[in-house]
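The values are calculated or read from the model by the stated rules, or taken from the named source; none is laboratory data. Here the structure is a predicted model, which is why all the values come from computation and not from measurement. For neighbour counting, all protein chains shown are included, and Cβ atoms are generated from backbone atoms with ideal geometry for every residue, glycine included. With ligands, DNA and RNA removed, areas are computed over all heavy atoms of the protein, side chains included. Shrake-Rupley method; radii C 1.70, N 1.55, O 1.52, S 1.80 Å.
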Amino acid sequence: WEFLGLLCQISGSLDSENLKNLKFLCGDDIRKKELENISNGTDLFKNLMEKGKISADNAGFLRLLLTNIKRKDLLEKLDNFEKYGSGEQDDVPDVKKRGFSTQGKATYNMRKWNETSRLQPHKNNSIHDS
């Protein structure tokens, strides 16, 4: 969820020239017909996620793209996401100062818990059940 938020932030910061350059850079990974239908960053990122090129656990390709279009400000957002689990460093300043790990493990565990809890039927474990 947080990764999607980061992609939304990045997409909102892209101008038309940035998008044009990103689409060019993705020419080997996205078919020409698909590229023609991409009109914004979120469409591009969605396509890249569907192809397995980017994910919360694998942002190397996104980093490469942002480096190539020379958007250091967006690279900083990505760095903050990787360090703190969000696009904004100010979201968790006290946690880092206290020495807790914020590498996204809690988010990952919560996501896994949500996935498994949705798959299993709810059991009433009341003390009154016998």
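Exactly one residue among Asn80, Asn58 is at negative phi, in contact with a helix residue (DSSP H, G or I) (Cβ under 8 Å, 6 or more places away or on another chain) and not charged (D, E, K, R), and that residue is Asn80.
Quick check on the stretch 31-42: of everything there that is in contact with a Leu (Cβ under 7 Å, 6 or more places away or on another chain) and in a helix (DSSP H, G or I), which residue is least open to solvent (accessible area, probe 1.4 Å)? Checking each candidate, the answer is Gly41. Tally time: how many residues in the stretch 25-47 are within 18 Å of Ile10 (Cβ to Cβ) and of a type in the set (Asp, Glu)? Residues in the stretch 25-47 being within 18 Å of Ile10 (Cβ to Cβ) and of a type in the set (Asp, Glu): 2 in total.
Consider the stretch 43-101 and keep the residues that are surrounded by 14 or more Cβ atoms within 10 Å (Cβ to Cβ), part of a helix (DSSP H, G or I) and basic (Lys, Arg). The one that is modelled with the lowest pLDDT is Lys83.
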